[in-house]
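Okay, structure first, notes after.
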Amino acid sequence: MGRKLRHVLIFLLIILKEPDNQITTIPAGAFENLPKLNKLQLSNNQINTTDPGAFKNLPILELLSLDNNQITTILAGAFANLPNLMQLTLHNNQITTILAGAFANLPNLRHLTLNKNQITTIPSGAFANLPNLIQLTLHNNQITTIPAGAFANLPNLRHLTLNNNQITTTDPGAFKNLPPLKRFTISRNKMSAIPLSIFCLFPSDITIELDGNPWQCDCRMAPISVNTFS
Ligand SMILES: *[C@@H]1O[C@H](CO)[C@@H](O)[C@H](O)[C@H]1NC(C)=O
């Protein structure tokens, strides 16, 4: 295929951005016959439901944006079979629940954006099988606890943001098997203590943001007060 033709075919962008769009549901197979689609922009609608298979047969899709909608639940397999998806953004929805397997079968996903939702818990396995995930954005939710294994099996994760949640306790196992993070932010939560063992699990060149928590700075917290708040 000639270079020009290839360039023409590479970008097919659907933009449904007008404020009065009233799309509420993406049915299974909605975009099925668009094998050249590589960006799908569905932000600023009233979407509250994405049926399983809604995005099936989009072999080269790289960007799927569902920001500013009304999605409440991410079902298992909601985004299955998107072999080239690199960026999935769900900023500013009403997501309360992420079911295990919600993001399964996304072998190339690099950026997953879930900030400004109503997520309260992260089930174990919520982010399983995302071998290339670099950035996981979970700030401005209602997360209260991080269960053990929440972020296991993310070998390429570098940026994890959990600021502006309601996190009170963190199971030390939550960060077991974590990859070498570059940046970890858990500012403006409700943490009064952090299991010190967590710090042994992080690489030494990490940037950690812990401000805006009601820390009880007694001797158990000494390594944090010396190293992190300076
Ligand atoms: C989605 O929105 C439509 C239209 O407002 C409504 O009829 C439907 O019940 C909603 N579905 C869910 C799952 O909230």
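Observations
- Residues of segment 167-198 satisfying the condition of being modelled with pLDDT under 75 and either within 18 Å of Leu154 (Cβ to Cβ) or touching a strand residue (DSSP E or B) at 6+ places or on another chain (Cβ under 9 Å) (or both): Thr170, Pro172, Lys176, Asn177, Pro195, Ile198
- Any chance Thr137 is hydroxyl-bearing (Ser, Thr, Tyr) and closer than 26 Å to Asn38 by Cα: yes
- Of the residues making up segment 81-114, those that are buried (at least 18 other Cβ atoms within 10 Å of the Cβ), under 23 Å from Thr24 (Cβ atoms) and modelled with pLDDT under 95 are Leu82, Ile98, Ala102, Phe103.
- When residues of segment 44-61 are limited to those that are buried (at least 19 other Cβ atoms within 10 Å of the Cβ) and away from the ligand (no atom under 16 Å from the Cβ), the one farthest from Leu88 (Cα to Cα): Leu58
- Qualifying residue in segment 99-113 (condition: part of a loop (DSSP other than H, G, I, E, B) and over 30 Å from Pro59 (Cα atoms)): no
- Of all residues making up segment 122-174, the number that are under 12 Å from the mean Cα position of the chain (by Cα), among the hydroxyl-bearing types (Ser, Thr, Tyr) and more than 23 Å from Ala76 (Cβ to Cβ): 1
The values are calculated or read from the model by the stated rules, or taken from the named source; none is laboratory data. This one's a predicted model, so the numbers in the text were calculated from it and none came from an experiment. Because the Cβ atoms are built from the backbone with ideal geometry, glycine has one as well, and the counts that use them run over all protein chains shown.
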